[in-house]
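Q: There's a structure below that I have some questions on.
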Amino acid sequence: MIGNIKNTKSILEKYQLRAKKNFGQNFLVDENILMKIVEAAGPDLETGVLEIGPGIGALTEVLLQNFCKVLAFEIDNNLFSLLEEELKEYKNLKLVNKDFLKVDLEKEFEYFSDCKRVIVVSNLPYYITTQIILRFLEEDYRIEELFFMVQKEVAERLVAEKGTKDYGSLSVLMKYRSDAEILFHVSRNCFLPRPNVDSAVIKLKKRKVDLGIKNENQFLKFIRNIFTQRRKTLVNNLLQTYGFSREKIYELLRDGGINENVRSEALSLEKIAEIYKGIFEAPN
Ligand code: SAM
């Protein structure tokens, strides 16, 4: 099994490789955590798994043994060659040597045509965590559940409730498009090299709350815009981005029974949707 310190070190030595910081390479070297992730994802031989950043293949190998197929995207050419060699015995693996953010997912999904269900499992490269999560939540793919290892602080922002310091546009978007929960925490000591932060494994279950929004993209932008300046009030954020008259915004807030000095972090998803619709989608 690849996933322990001794094997990880010896595989890296064998291929004369070192972890690359710019690709966010912190390899998971704790077999218990590997097993816990796979258990949480629900081993099932009719389910296909998409993995981003297989690294030296520790998680990939356990996934291959517990699911029907694995489609893995690795950006690093050296790791890609290593994986081809180390995992060559597995016939249910498709490795793709590409930047995940640039792949045509629609097309890649054909690999899963004979799988009943598709899930995503990944120890994410931390420098693009948000972009990857947004890609799955903002676009419609045939995926219902996603399991990600992310930095603990990011995990806390993803599941934050209104009125807390971690609550921001990402938390609101999560509530709109998924049920997000932290499954368990993972110490920084479980990685090689050891990062400066602890991590957490999260589960996202995709869903869409029906808030009667007509223009989805405009609403998603609105969520981002009202949190641009965290120290400013909602009104000031709106003035800055949209250039409405102060009077018009006050009037809209008054109509919706919302205090003029409210800050965005005090607003629930539903309230944000109400304000958005009042401004952009109200019948004339
Ligand atoms: N899955 C391995 C593990 O658990 O030990 C490695 C996880 S490591 C945190 C992140 C991996 O993502 C690295 O292998 C890195 O090379 C890869 N990676 C970084 N950016 C990527 C990108 N844009 N597309 C695909 N893979 C990427």
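Q: Which ³J(HN,Hα) values in Hz, rounded to whole numbers, follow from the phi angles of segment 37-43 under the Karplus curve 6.51 cos²θ - 1.76 cosθ + 1.60, where θ = phi - 60° and Gly and Pro get x?
A: 5, 5, 4, 4, 6, x, x
Q: Further question on the same structure: On a 0 to 90 degree scale, rounded to 10, what angle separates helix 216-225 from the longest Cα axis of the chain?
A: That works out to roughly 80 degrees.
Q: Quick one: which of Lys20/Lys88; Lys152/Lys271; Lys152/Lys203; Lys165/Lys248; Lys20/Lys69; Lys165/Lys271 span more than 22 angstrom between C-alpha atoms?
A: Lys20/Lys88; Lys152/Lys271; Lys165/Lys248; Lys20/Lys69
Q: Still on this structure: Which pairs in the list Lys162/Lys214; Lys14/Lys107; Lys6/Lys102 are over 27 Å apart, alpha-carbon to alpha-carbon?
A: Result: Lys14/Lys107; Lys6/Lys102 exceed 27 Å.
Q: Continuing with the same structure: Report the equivalent ellipsoid semi-axes for segment 5-206 in whole Å, largest first, defined as the square roots of five times the eigenvalues of the gyration tensor built from alpha carbon atoms.
A: Equivalent ellipsoid semi-axes, largest first: 25, 21, 15 Å.
Q: Hey, another quick one. Would you list which lysines come within 18 Å of Lys21, measuring only between C-alpha atoms, while excluding same-chain residues fewer than 8 positions from it?
A: Lys9, Lys98
Q: Sort 143-154, 33-44, 205-216 by the packing proxy (mean of other Cβ within 10 Å over each peptide's residues), most packed first.
A: The most tightly packed comes first, giving 143-154, 33-44, 205-216.
Q: Taking amide H positions as placed in the peptide plane 1.01 Å from N, state which residues far from Ile258 in sequence (5 or more) or on other chains have amide H under 5 Å from it.
A: none
Q: On to the next question. Compute the separation of the alpha-carbon centres of segment 209-236 and segment 98-174 and state it in Å as a whole number.
A: First find each Cα centre; the distance between them is then 20 Å.
Q: Quick one: work out the % antiparallel among DSSP beta bridges in the chain, nearest 5.
A: 45 percent
Q: Could you run the Karplus curve 6.51 cos²θ - 1.76 cosθ + 1.60 with θ = phi - 60° over segment 184-198 and give me ³J(HN,Hα) per residue in whole Hz, x for Gly and Pro?
A: Once θ is set to phi - 60°, the couplings for segment 184-198 become 7, 8, 10, 6, 4, 6, 8, 10, 10, x, 6, x, 8, 10, 7 Hz.
Q: Pull out a ≥ b ≥ c, the square roots of the eigenvalues of the alpha-carbon gyration tensor of segment 1-112, then state rounded if a/c is under 1.5, prolate if not and a/b is larger than b/c, and oblate in the remaining case.
A: Judged from the Cα gyration tensor, segment 1-112 comes out oblate (a/c at least 1.5, b/c at or above a/b).
Q: Ok, one more. So what are the ³J(HN,Hα) numbers for segment 241-253, from phi and the Karplus equation (6.51, -1.76, 1.60; θ = phi - 60°), rounded to whole Hz, Gly and Pro as x?
A: Here the 3J(HN,Hα) series is 7, 9, x, 6, 7, 4, 4, 5, 5, 4, 4, 4, 5 Hz.
Q: Sort the following peptides by mean Cβ neighbour count (other Cβ atoms within 10 Å, averaged over residues), highest first: 82-89, 251-258, 48-55, 117-124.
A: So the order, starting with the most tightly packed, is 48-55, 117-124, 82-89, 251-258.
Q: Let me ask something else. For segment 216-280, what class follows from the C-alpha gyration tensor (a ≥ b ≥ c being the square roots of its eigenvalues): rounded when a/c is under 1.5, otherwise prolate if a/b is larger than b/c, else oblate?
A: rounded
Q: Would you work out if segment 48-143 is rounded, prolate or oblate? Take a ≥ b ≥ c from the square roots of the eigenvalues of the alpha-carbon gyration tensor; rounded if a/c is under 1.5, else prolate when a/b is larger than b/c, oblate otherwise.
A: oblate
Since every read-out is calculated from the coordinates, none of them should be taken as a lab result. Just so it is clear, the structure is predicted and the values come from calculations on it, not from any experiment. Methodologically, a virtual Cβ is constructed for each residue, glycine included, from the backbone with ideal geometry; neighbour enumeration extends over all protein chains shown.
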